Protein chains: 2
Amino acid sequence: MKKMIRIGLLGAGTVGTGTARVLNLNQHEIAERVGTSIEVSKVLVRNPDKERPGFEGIAKTSRFENILGDPEIDIIVELMGGLHPAKEYMLQALAAGKRVVTANKDVIAQFGHELFAMAAEHETEIFFEASVGGGIPIITPLKECLTANHITQIMGIVNGTTNYMLTKMSECGNDYDTVLREAQQKGYAEADPTADVGGLDAARKAVILSSIAFNSRVQLEDVSVEGITNITPDDIAYAKDLGYVVKLLAVGKDTEDGIDVRVHPVFLPQSHPLAAVNGVYNAIFVHGNAIGDAMFYGQGAGSLPTASAVVADIMRAAHDICQDQLSSVGCTCYEQKPICPLEKTSSCYYVRLLVDDEPGVLAAIATAFGEAGVSLKSVIQTRQNVVDHAEIVAITHKVLHEKMQQAMKTIRGLKVVDEVRNIIRVENGEDD
Amino acid sequence: MKKMIRIGLLGAGTVGTGTARVLNLNQHEIAERVGTSIEVSKVLVRNPDKERPGFEGIAKTSRFENILGDPEIDIIVELMGGLHPAKEYMLQALAAGKRVVTANKDVIAQFGHELFAMAAEHETEIFFEASVGGGIPIITPLKECLTANHITQIMGIVNGTTNYMLTKMSECGNDYDTVLREAQQKGYAEADPTADVGGLDAARKAVILSSIAFNSRVQLEDVSVEGITNITPDDIAYAKDLGYVVKLLAVGKDTEDGIDVRVHPVFLPQSHPLAAVNGVYNAIFVHGNAIGDAMFYGQGAGSLPTASAVVADIMRAAHDICQDQLSSVGCTCYEQKPICPLEKTSSCYYVRLLVDDEPGVLAAIATAFGEAGVSLKSVIQTRQNVVDHAEIVAITHKVLHEKMQQAMKTIRGLKVVDEVRNIIRVENGEDD
């Protein structure tokens, strides 16, 4: 049994600082549980001369080689983020036989297969629990605890920024721009929020979750992505009236036509377990053929919550080193399932139209939907402040995406329809 | 690598049948994921001659020795339930070096330490994910995924029968006896429901969860237990009015005065993640010093959900056999923390009193609380159908149990107080 496991930390940002803090704060528990002490031996930073609270007494270097070439370092923990050189550093670490722990969803989503192959080739391991859902245990539960299931569906609120914004819009009735500014002021949204509000961050997590859940490699370009920038207070108010909440979901479904994987806002029934997930909290909802519905809930980001997952991975890697074993489940993409093309996916839809306020409009619209084979579940018509105009809100039954597109083409062409104000999918669960 | 892992199943009841079914249903996935096939080789039943759907072609025996002595059997899966002879069978299996998987909360709660010691002595493993929360992953997440945390609190809805009953009482306003009969008709409650409604089943799960969360052995007699038999539709209606729901919780807290572990009904704020856990669903809420709040949600019982956890354990045991390794985290009770005596525990309380409807009653009661050092958060007084009577409902701030007892003694002695109708704890979370 080794007396001490030494780690090299790449990056001393939010998660790096949290990781050093958790290792220090809970060092007694950690040593008891692993059976050996763990210490941060070196940290890779841009400027080694800068003082960094929380890293006192730890060697700082700006050269990765100083960490890679240190024979005393057993585990390399990549928390620098971004694709490059994070990917190259991890590949080199694995090639050198070191264990790797990472929180990097970008690299795992895009190059995960290369990393797993390199780890297998060099009889070592890579752990990435923190790459999805911050501290929420989801990678290990999916790979190990739910492994007896054929998983058919995974739906997650996996982006804290957008969930905070949608929660605020719902609670206060504020518009998109107001809540974005508020989120930026509170540090929940970046100065350039594109990756969050546009859905790219959630798409990367959808790639990781779907690949694991369905045992088949999903790529970023397979994900159909829509962000929350078009959501208005009116949509949120209609949702409430109709018994729904609006959430940005990463959705993966294993269908007969292949893997259906998308990120977009949805109307979710107020009674759905995900509907109560508010603010910066995240949750991942899974349906398996044995367990039925299950959900994993917690903070999806933040220094200490993310460090909770990073340090747990470090402890498992340390335990494996001490036991001279490889306990992690490697790549599980042993199948090659097709991707379901967007046109072949099915959903219920919410449609909001601005129309002329005159008799027969509702009938014209209902006829257009009917003729395209789209069956309606409910329709509301509301007078508007704009003279001679009304709003029509329709919820459809489940329909093929291509049929819906066709119906909307006809409806856009109707003389009485002035504007298609929004189209949002409705997720009712398995029984859509 | 072994070509085939053979298991001996003890018990062919609900969970045993589910386990055989999941192993059969998902055999393709299971073989891919473990790297070897798994088959049920023998099953222990009372009457081997009885036909059992789902066990066709599997050898049946009424003698445990026929399973224990079979050198081809690698894993013994105990699903017979009850303390004896389940405990003895598991001890013998471990002593013979076999891996053991069990769903038996009774044995794990009471004799877990003996089983862990036996497993360690004979360099084998025992897995028990299914013993708490059915299929919900909670044991592995606690022992492995949250292992970087100092866990300070664990609160669970861990009994489906009582959660179904309380949900029904809340939705329909029915009384206890009516919902109990309904639960029995639907098969959610046993003919003798004592262990469920009295809180013993939840107490056993509280023992297992607290022992793991706080790294210190908790015994069944350490748990202060109260069931749901005293909950009336009136209590549930008051809860709703005050912004709460009523749930039966297993609560464990790591306090300065020791481990505080109890099972009892509580008023839970409607906004708490556990408040939305309805029907036969279970959920376990955990607070750790790194992750903050996290929650694990799913079906807490049932044939296939429980089998989901049992088969995952079987697969891990099979993988370990193939790799010739011990991957499970054994006993984690490396500390010996005292148990916090009930009098020293603190809670907020809901108190409902039947009183004389005359001026000055409210003042008399408020004075009695105040003199005992119990500070009130809110008080409601309602006229009753009974002539000259009113009901007073008070919610206290956080107070020591012994102080509350003292206050209630004084209040019971007041001439104007006719009856103490109920006292229920209020859980507001960390910030009580």
In the range B:257-267, is there at least one residue being more than 16 Å from B:Val158 (Cβ to Cβ) and among the β-branched types (Val, Ile, Thr)?
yes
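The rows are residues; the columns are (1) part of a helix (DSSP H, G or I); (2) in contact with a Lys or Arg (Cβ under 7 Å, 6 or more places away or on another chain); (3) free of Cβ contacts under 8 Å to residues at least 12 places away in the same chain.
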site	(1), (2), (3)
B:Glu343	yes, no, no
B:Arg352	no, yes, no
B:Thr367	yes, no, yes
B:Gly373	no, yes, no
B:Ile380	no, no, no
Just one of the numbered conditions (1) surrounded by 16 or more Cβ atoms within 10 Å (Cβ to Cβ); (2) within 29 Å of A:Val379 (Cα to Cα); (3) modelled with pLDDT under 95 is not true of A:Gly173; which one?
(1)
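Residue-wise test of (1) assigned to a helix (DSSP H, G or I); (2) assigned by TED's automatic domain parsing to the domain that holds B:Lys98; (3) more than 25 Å from B:Leu94 (Cα to Cα).
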{"residue": "B:Ile30", "(1), (2), (3)": "yes, yes, no"}
{"residue": "B:Val40", "(1), (2), (3)": "no, yes, no"}
{"residue": "B:Asn47", "(1), (2), (3)": "no, yes, yes"}
{"residue": "B:Arg52", "(1), (2), (3)": "no, yes, yes"}
{"residue": "B:Glu56", "(1), (2), (3)": "no, yes, yes"}
{"residue": "B:Asn66", "(1), (2), (3)": "yes, yes, no"}
Determine whether the range A:398-419 contains at least one residue that is within 26 Å of A:Gln270 (Cβ to Cβ) and of a type in the set (S, T, N, Q).
no
Across the range A:129-172, what is the total count of residues that are in a loop (DSSP other than H, G, I, E, B) and within 14 Å of the chain's Cα centre (by Cα)?
9
Please work out which one of (1) within 20 Å of A:Leu209 (Cβ to Cβ); (2) in contact with a strand residue (DSSP E or B) (Cβ under 6 Å, 6 or more places away or on another chain) is the condition A:Lys98 fails and give its number.
(1)
Take the residues of the range A:9-25 that are aliphatic (A, V, I, L, M) and not in a loop (DSSP other than H, G, I, E, B): which is nearest to the other protein chains (Cβ to nearest Cβ)?
A:Val22
Are any of the residues in the range B:164-181 free of Cβ contacts under 8 Å to residues at least 24 places away in the same chain and farther than 30 Å from B:Gln270 by Cβ?
no
Condition met for A:Asp192 (crowded, with 24+ Cβ neighbours inside 10 Å, under 19 Å from the mean Cα position of the chain (by Cα) and without any contact (Cβ under 8 Å) to a residue 60 or more places away in the chain)
no
Failed condition for A:Ile212, given (1) within 23 Å of A:Thr306 (Cβ to Cβ); (2) within 14 Å of chain B (Cβ to nearest Cβ); (3) free of Cβ contacts under 8 Å to residues at least 40 places away in the same chain
(3)
For the range A:63-82, give me each residue that is of a type outside the set (Phe, Trp, Tyr) and in contact with a Leu (Cβ under 7 Å, 6 or more places away or on another chain).
A:Ile67, A:Ile76, A:Val77, A:Glu78, A:Leu79, A:Met80
Residue within the range A:206-215 that is modelled with pLDDT of 95 or more, assigned to a helix (DSSP H, G or I) and in contact with a Ser or Thr (Cβ under 7 Å, 6 or more places away or on another chain) present
yes
Is it the case that some residue within the range A:110-122 is within 13 Å of chain B (Cβ to nearest Cβ), at negative phi, touching a Gly at 6+ places or on another chain (Cβ under 8 Å) and surrounded by 24 or more Cβ atoms within 10 Å (Cβ to Cβ)?
no
Can you go through A:Val225, A:Val197, A:Val261 and tell me which one is touching a helix residue (DSSP H, G or I) at 6+ places or on another chain (Cβ under 7 Å) and closer than 17 Å to A:His287 by Cβ?
A:Val261
Looking only at the range B:382-410, filter to residues that are out of contact with any Ser or Thr (no Cβ under 7 Å at 6 or more places or on another chain) and either in contact (Cβ under 8 Å) with a residue 60 or more places away in the chain or acidic (Asp, Glu) (or both); which one of those is surrounded by the most Cβ atoms within 10 Å (Cβ to Cβ)?
B:Val393
Residue count, the range A:127-143 (criterion: surrounded by fewer than 24 Cβ atoms within 10 Å (Cβ to Cβ) and facing another protein chain (nearest Cβ under 7 Å))
1
Against the condition within 14 Å of chain B (Cβ to nearest Cβ), touching a residue at least 40 places away in the same chain (Cβ under 8 Å) and not hydrophobic (A, V, I, L, M, F, W, C), how does A:Gly81 come out, does it pass?
no
Subset of the range A:382-394, residues farther than 15 Å from A:Val420 by Cβ and part of a strand (DSSP E or B), comes to A:Thr382, A:Arg383
Quick check, is B:Asp201 in a loop (DSSP other than H, G, I, E, B) and either of a type in the set (Ser, Thr, Tyr) or within 21 Å of the chain's Cα centre (by Cα) (or both)?
no
Considering residues that are within 13 Å of another protein chain (Cβ to nearest Cβ) and more than 30 Å from A:Val310 (Cα to Cα), the number found within the range B:148-165 is 1
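The values are calculated or read from the model by the stated rules, or taken from the named source; none is laboratory data. These figures come from a predicted structure and were not determined experimentally. Ideal geometry is used to build each Cβ from the backbone, glycine not excepted, and the neighbour counts take in all protein chains shown.
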